[in-house]
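The values are calculated or read from the model by the stated rules, or taken from the named source; none is laboratory data. Quick caveat, the model's predicted, so the values are computed rather than measured. Note that each Cβ is placed from the backbone with ideal geometry, even for glycine, and that neighbours are counted across all protein chains shown. Accessible surface is based on the protein model in full, side chains and every heavy atom, while ligands, DNA and RNA are left aside. Shrake-Rupley method; radii C 1.70, N 1.55, O 1.52, S 1.80 Å.
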Amino acid sequence: MIERMALVKYSRLAHERGLTAAFGGNLSMRRGNLVFIKATGAVMDEMTAGQVAVITLDGRQVSGVRPSSEYRLHLAIYRGRPDVRAVAHLHPPYSIAASSLLEDELPIVTPEAGIYLGRIPIAPFMPAGTEELAETTVAEMGDCDAVLMARHGLVTVGRSLREAFYKAELVEESAKLWYMSMTRR
Ligand code: 13P
């Protein structure tokens, strides 16, 4: 199935590119009323097609495997943004550093980030896997395609998983460039 293959491909790539480490991160894709999402506890660079869970938009588990503990976050985004077909939640180091040093938003450094992301707001810290984290992150993201979650990571969205993935890479590059330019001052 195309969703499972894409989730395996981009999960492994996210780990290889340093966009997440250890047990962190989860990706998902929406098709109609169904959401395909990494199984909870699966490590992204060891991901297999059997570690993709399937849930409905209202949170009912369809597959044998249990969905990521961040399924509330993914579902809240899909419910509020019908344009979104894929969500990436990752833990890249510069993004996390920037989210703990900054408030409000990550400055846009390059024209590319301006074109593809516009704004990168920062949501306040909430415990992982909670409804509060889902609500706060969605509210802070609004119509943007990226948001940082304080001391936790990032979320990006797209009309495809490829788009969400590259937007995540662009957020991490933006955070790295901001950090490099800040330490020179
Ligand atoms: P899951 O293994 O449940 O997806 O948790 C990973 C994570 O990043 C929680 O924020």
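Give me a count of the residues in segment 126-163 that are open to solvent by less than 40 Å² (accessible area, probe 1.4 Å), within 15 Å of the ligand (Cβ to nearest atom) and small (Gly, Ala, Ser).
4
Can you run down the residue pairs with Cβ atoms below 6 Å, 6 or more apart or on separate chains, where the first is in segment 22-44 and more than 15 Å from Ile77 (Cβ to Cβ) and the partner is surrounded by fewer than 18 Cβ atoms within 10 Å (Cβ to Cβ) and of a type in the set (Gly, Ala, Ser)?
Every condition considered, the pairs that remain are Thr40/Ser69.
Starting from residues that are part of a loop (DSSP other than H, G, I, E, B) and within 16 Å of the ligand (Cβ to nearest atom), keep the ones in segment 75-110 and report whichever is least open to solvent (accessible area, probe 1.4 Å).
By that ranking, first place goes to Pro92.
Filter segment 49-60 down to the residues that are more than 14 Å from the ligand (Cβ to nearest atom) and of a type outside the set (Asp, Glu), then identify the one that is surrounded by the fewest Cβ atoms within 10 Å (Cβ to Cβ).
Checked segment 49-60; the qualifying residue surrounded by the fewest Cβ atoms within 10 Å (Cβ to Cβ) is Arg60.
Hey, can you tell me all the residues within segment 164-185 that are among the hydrophobic types (A, V, I, L, M, F, W, C) and open to solvent by 10 Å² or more (accessible area, probe 1.4 Å)?
Leu170, Leu177, Trp178, Met180, Met182, listed by residue number.
Within segment 1-63, which strands (runs of 3 or more DSSP E) (wholly inside it) include 3 or more residues that are among the hydrophobic types (A, V, I, L, M, F, W, C) and on the phi < 0 side of the Ramachandran plot?
Of the strands (runs of 3 or more DSSP E) lying wholly inside segment 1-63, those with at least 3 residues that are among the hydrophobic types (A, V, I, L, M, F, W, C) and on the phi < 0 side of the Ramachandran plot span 34-38, 52-56.
Considering only residues of segment 7-41 that are open to solvent by 30 Å² or more (accessible area, probe 1.4 Å) and of a type in the set (S, T, N, Q), which is nearest to the ligand (Cβ to nearest atom)?
Applying the filter and picking the extreme gives Thr40.
On the basis of being basic (Lys, Arg), touching a residue at least 12 places away in the same chain (Cβ under 8 Å), away from the ligand (no atom under 14 Å from the Cβ) and part of a loop (DSSP other than H, G, I, E, B), does Arg119 make the cut?
Judged against the criteria, Arg119 is a match.
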